[in-house]
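Below: the structure, in structure tokens.
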Amino acid sequence: MKHRGCLPFFLFCFILIVVPLALLCGCRKKVPVAIMTKLESGSIVGSSEINASKLFLEDNNINDIEIVPLDDGWNPAKAVTAYKELNRRGIRLLITSHTSICAIALDKLINRDHVLTFVTGATTDTLTDKNDYIIRNIQDVESEQKSISEYINGLPGAGVIIIRDTDNNAYTVPALAYFKRHLKKQISGVIEISISRFNIDEISRLVRNRDTGIAYLLIGGYNIAAGNIAQAIYNINPGARIVFTPWMKTPTLLDTLGAAVNVSVMPSHYPRRMPGGAIDSYFKRFKKRFGYSPTYISLNVYTALEILHDAVSAGHTEPDDVRRYVMAKKKFKTRFCTVEFDQEGDMNAPLYFITDLSKEF
């Protein structure tokens with residue numbers, strides 16, 4: 001009888017202590033993290049990044065972060081509108097993948113409002129060497145262009161023709177200046193185009209009159225029309241070596257590249273895809289889960305989420321706390337690479353040069 005009398009007391013303690021704790025854990029508010037990207041219908045860019053974030057949460061059984069997609073169309077005006085929506089929702093942590101011109105449009109707003117932002121796609125030197133609320137897990141434009149020019153310096157051939165996209169001047173203007181600074185070969189011409197409305201016959205005419213042993217396509221934003229330009233150069237000189245920027249590394253480029261794929265070089269933030277490696281496993285898992293191959297910038301977004309979740313897991317959810325944590329730790333071993341930040345929140349890392357694009361995608 002005495003033993004049975006203890007049972008109700010045990011149950012009472014269980015209900016009083018354990019159940020409230022379980023309810024508290026179950027009702028804990030998730031930390032909202034906005035991912036700002038191009039979400040227009042049919043965009044492989046935006047869908048790759050949002051689905052990469054889903055994969056990150058699923059594969060790591062993470063339930064303390066909520067992903068909030070925001071569409072900026074990779075357009076500066078739309079980026080400002082999307083940012084206003086972020087503010088309206090009270091979101092204080094942001095990951096962006098947009099181009100440099102969009103990043104510049106948001107720079108002052110982000111720092112005014114103390115919104116901690118991981119920039120995964122904008123290399124502009126406007127953001128470099130600033131102790132602020134922007135953290136980048138990619139090279140800035142000078143480091144990037146120095147790496148590319150040094151690679152081209154090592155290629156056979158004397159002359160380099162440059163095709164520069166004027167639609168993204170915030171990136172391509174400083175990029176061209178830094179590229180020229182470190183290039184030791186002769187520049188046989190700079191052809192300026194608008195990637196959104198170029199005339200391929202005119203480009204072919206201008207290219208035909210110049211040394212095209214090496215062609216550098218200074219085009220970003222995953223504009224796969226760059227593949228048509230590469231084809232035109234290849235048709236004029238099949239022996240030309242065509243070098244892209246890292247911001248053209250998307251599987252859809254193969255749709256427009258044609259036979260020029262055999263002479264193309266792709267700078268990459270990650271080593272070439274090896275069977276059974278982390279990147280290869282990610283691509284296979286992604287394709288199995290979502291039915292298509294993602295862009296490589298989705299790896300940058302995935303990595304930014306890894307770093308951000310590291311801070312959240314350590315109990316840091318406010319922008320200032322997260323920033324202090326990241327700046328104090330500095331080095332993070334992520335799924336795809338080791339990321340190390342300097343005191344301004346910039347990352348210096350090597351570029352890799354992929355010469356077999358068919359296998360890479």
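The values are calculated or read from the model by the stated rules, or taken from the named source; none is laboratory data. Owing to the predicted nature of the structure, the values given are computational and were not obtained by experimental measurement. Reconstructed Cβ throughout: ideal geometry from the backbone, glycine too, with neighbour counts over all protein chains shown.
Below is a table of values for the structure above.
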item: Single residue of the range 222-278 satisfying the filter (out of contact with any helix residue (DSSP H, G or I) (no Cβ under 7 Å at 6 or more places or on another chain) and farther than 25 Å from residue 97 by Cβ) that is surrounded by the most Cβ atoms within 10 Å (Cβ to Cβ); result: 237
item: Positions within the range 47-84 being over 16 Å from residue 308 (Cβ atoms) and of a type in the set (Lys, Arg), in sequence order; result: 78, 84
item: Tally of residues being touching a helix residue (DSSP H, G or I) at 6+ places or on another chain (Cβ under 7 Å) and either in a loop (DSSP other than H, G, I, E, B) or surrounded by fewer than 15 Cβ atoms within 10 Å (Cβ to Cβ) (or both) across the range 294-336; result: 7
item: Test: residue in the range 294-308 that is within 19 Å of the chain's Cα centre (by Cα), of a type in the set (D, E, K, R) and modelled with pLDDT of 95 or more; result: yes
item: Test: residue 176 is at pLDDT below 95 and either polar (S, T, N, Q) or more than 19 Å from residue 102 (Cβ to Cβ) (or both); result: no
item: Check on residue 70, in contact with a Leu (Cβ under 7 Å, 6 or more places away or on another chain), crowded, with 18+ Cβ neighbours inside 10 Å and not in a helix (DSSP H, G or I); result: yes
item: Unmet criterion (only one of (1) out of contact with any His (no Cβ under 8 Å at 6 or more places or on another chain); (2) crowded, with 23+ Cβ neighbours inside 10 Å) for residue 167; result: (2)
item: Criterion (in a helix (DSSP H, G or I) and either surrounded by 12 or more Cβ atoms within 10 Å (Cβ to Cβ) or at pLDDT 95 or above (or both)) met by exactly one of 82, 34; result: 82
item: The range 93-108 residues that are on the phi > 0 side of the Ramachandran plot and touching a residue at least 24 places away in the same chain (Cβ under 8 Å), paired with ones that are surrounded by fewer than 24 Cβ atoms within 10 Å (Cβ to Cβ) and among the basic types (Lys, Arg) (beta carbon under 8 Å, 6 or more apart); result: none
item: Residue that is touching a residue at least 12 places away in the same chain (Cβ under 8 Å) and either under 18 Å from residue 121 (Cβ atoms) or more than 17 Å from the chain's Cα centre (by Cα) (or both), where the choices are 274, 347; result: 347
item: Residue within the range 172-182 that is closer than 26 Å to residue 46 by Cα and among the small types (Gly, Ala, Ser) present; result: yes
item: Residue check for residue 320: modelled with pLDDT of 95 or more, of a type outside the set (S, T, N, Q) and not assigned by TED's automatic domain parsing to the domain that holds residue 154; result: yes
item: Residue in the range 146-159 that is more than 25 Å from residue 322 (Cβ to Cβ), in contact with a Phe, Trp or Tyr (Cβ under 6 Å, 6 or more places away or on another chain) and modelled with pLDDT of 95 or more present; result: yes
item: Spans of strands (runs of 3 or more DSSP E) in the range 137-256 with at least 2 residues closer than 24 Å to residue 357 by Cα; result: 159-165, 214-218, 241-243
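Every residue, every condition in (1) charged (D, E, K, R); (2) modelled with pLDDT under 85; (3) buried (at least 19 other Cβ atoms within 10 Å of the Cβ); (4) farther than 28 Å from residue 132 by Cα, yes or no:
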residue: 8; (1), (2), (3), (4): no, yes, no, yes
residue: 18; (1), (2), (3), (4): no, yes, no, yes
residue: 41; (1), (2), (3), (4): no, yes, no, yes
residue: 47; (1), (2), (3), (4): no, no, yes, yes
residue: 63; (1), (2), (3), (4): no, no, no, yes
residue: 89; (1), (2), (3), (4): yes, no, no, no
residue: 108; (1), (2), (3), (4): yes, no, no, no
